[in-house]
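Structure first, then comments.
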Amino acid sequence: MDMKNKFEFKEKYNIYDLVEIMRVLRSEGGCPWDIKQTHESIKKNLIEETYETIEAINKKDPDMLREELGDVLMQVVFHSQIEAEKGVFDIDDVADENCKKLIERHPHVFGEVNVNGVDDVLTNWDAIKRKSKGQKSTSEAIDSIPRELPALMRATKVQHKAAKAGFDWDNVNGALDKLAEEIAELKAAIANNDKANINEELGDVLFSAVNVSRFVDTDAEESLTDATDKFVSRFKTVEKLAKERDIDMKESDIETLDRLWDEAKQK
């Protein structure tokens with residue numbers, strides 16, 4: 001079957017055209033690659049497209065953002081089409097459930113509930129979410145946080161939920177003391193060359209650092225990204241300086257490299 005003769009080309013398409021294109025691609029006579037795909041085979045594409053969307057936001061590039069949002073939307077349509085072929089659900093069912101969720105979790109807009117600001121909105125949101133998901137305890141709410149999230153992000157979400165249940169330090173000093181304690185335990189594990197314990201203690205250090213980030217109202221994921229950017233920038237300067245001075249970085253002692261690093265920091 002010649003799909004080109006069946007598809008209606010337009011000057012401007014809408015979301016349902018995207019749904020139809022995906023149906024055509026997955027149907028007999030469509031694209032062999034698209035037909036072959038499963039949820040599992042394309043699941044990482046959704047993550048990749050999401051991060052590219054974040055890149056567009058960070059770059060404040062509306063053209064790039066429009067394109068990347070389209071790529072994310074295509075992934076949603078793709079997964080929905082796979083289920084539609086099984087007769088389980090389609091894109092309309094996805095939209096329907098999302099609309100109902102938004103209406104339910106905004107009773108101050110679509111109902112009679114009164115709120116006094118963002119804090120009330122978030123408190124109501126969490127309560128409604130826990131009720132709708134049948135979560136009777138904070139532990140159940142914590143268990144619902146996907147393990148597949150980036151580790152720092154997951155740690156932040158877990159700590160936020162625990163804090164709402166009252167399990168938290170009084171202030172940042174407690175979090176800082178705990179971080180120092182975990183660093184000392186990591187040093188001891190390294191001194192003992194205890195591989196298993198090193199892994200555990202390093203995790204505790206990272207988890208404690210996330211705790212500190214919450215108290216100073218800083219996103220740990222963003223902080224690490226910024227720190228990595230800073231390192232990349234300074235390393236480029238170090239490499240440039242070494243090349244200008246005919247210094248072989250692989251053969252240089254740490255003191256020489258430290259001097260280059262300090263000079264890079266000054267720049």
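The values are calculated or read from the model by the stated rules, or taken from the named source; none is laboratory data. Just so you know, these numbers come straight off a predicted model, no measurement behind them. Please note: Cβ atoms are built from the backbone with ideal geometry, for glycine as well, and neighbour counts cover all protein chains shown. The area values use the complete protein model at the heavy-atom level, side chains included, leaving out ligands, DNA and RNA. Shrake-Rupley method; radii C 1.70, N 1.55, O 1.52, S 1.80 Å.
Sorted largest first, the principal axis extents computed over the alpha-carbon atoms of the chain equal 70, 55, 38 Å. Expressed as a fraction of 2.2 N^0.38 Å, the value expected for a compact globular protein of N residues, the C-alpha radius of gyration of the stretch 81-138 is 1.45. Between L73 and Q266, the contour length at 0.36 nm per residue exceeds the alpha carbon distance by 65.0 nm. The relative contact order of the stretch 136-224, computed from alpha carbon pairs under 8 Å that lie at least 6 residues apart in sequence, is 31 percent.
Karplus-derived 3J(HN,Hα) values for the stretch 141-156, using 6.51 cos²θ - 1.76 cosθ + 1.60 with θ = phi - 60°, are 5, 5, 4, 6, 6, x, 5, 6, 4, x, 4, 5, 5, 4, 4, 4 Hz; glycine and proline are entered as x. Taking a ≥ b ≥ c as the square roots of the Cα gyration tensor eigenvalues, the stretch 1-72 comes out oblate, since a/c reaches at least 1.5 and a/b does not exceed b/c. Relative to the dominant Cα principal axis of the chain, helix 118-132 is inclined by about 60°. The GluC sites (Glu not before Pro) found in the stretch 140-214 that occupy coil by DSSP, while having at most 12 further C-beta atoms within 10 Å, are E148. Taking the 1.4 Å solvent-accessible surface of the chain as the whole, the part contributed by carbon and sulfur is 54%. Taken over the stretch 136-267, the ratio of Cα radius of gyration to 2.2 N^0.38 Å equals 1.38. Couplings for the stretch 217-234, taken from phi via the Karplus curve 6.51 cos²θ - 1.76 cosθ + 1.60 with θ = phi - 60°, read 6, 10, 7, 4, 4, 5, 4, 5, 4, 5, 5, 5, 4, 5, 4, 4, 4, 5 Hz in order; Gly and Pro are left as x.
The value of relative contact order for the chain, using C-alpha pairs under 8 Å at least six residues apart, is 9 percent. Each other residue within a Cβ distance under 12 Å of D93 adds +1 if Lys or Arg and -1 if Asp or Glu, for a net charge of -4.
The lysines within cross-link reach of K187, meaning a Cα-to-Cα straight distance under 25 Å and a gap of 8 or more places when in the same chain, are K178, K195. Based on every Cα atom in the stretch 1-129, Rg and the maximum pairwise Cα distance Dmax equal 18.7, 60 Å.
When the chain is treated as a Gaussian network with alpha carbon springs shorter than 10 Å, the biggest mean-square fluctuation among A165, A220, A56 belongs to A56.
For S139, the accessible area of its heavy atoms, probed at 1.4 Å with every protein chain present, is near 80 square angstrom. Of all aspartates and glutamates in the structure, the ones whose alpha carbon falls short of 14 Å from that of K250, not counting any fewer than 8 places away in one chain, are E239, D258. Each principal axis of the Cα cloud of the stretch 162-224 was taken in turn, and the coordinate range along them, longest first, works out to 37, 24, 19 Å. For K136, the aspartates and glutamates whose Cα falls under 15 Å of its own Cα, not counting residues fewer than eight places away in the same chain, are D126. Can you tell me the 0 to 90 degree angle between the C-alpha axis of helix 91-104 and the longest principal axis of the chain, rounded to 10? The angle comes out near 70 degrees.
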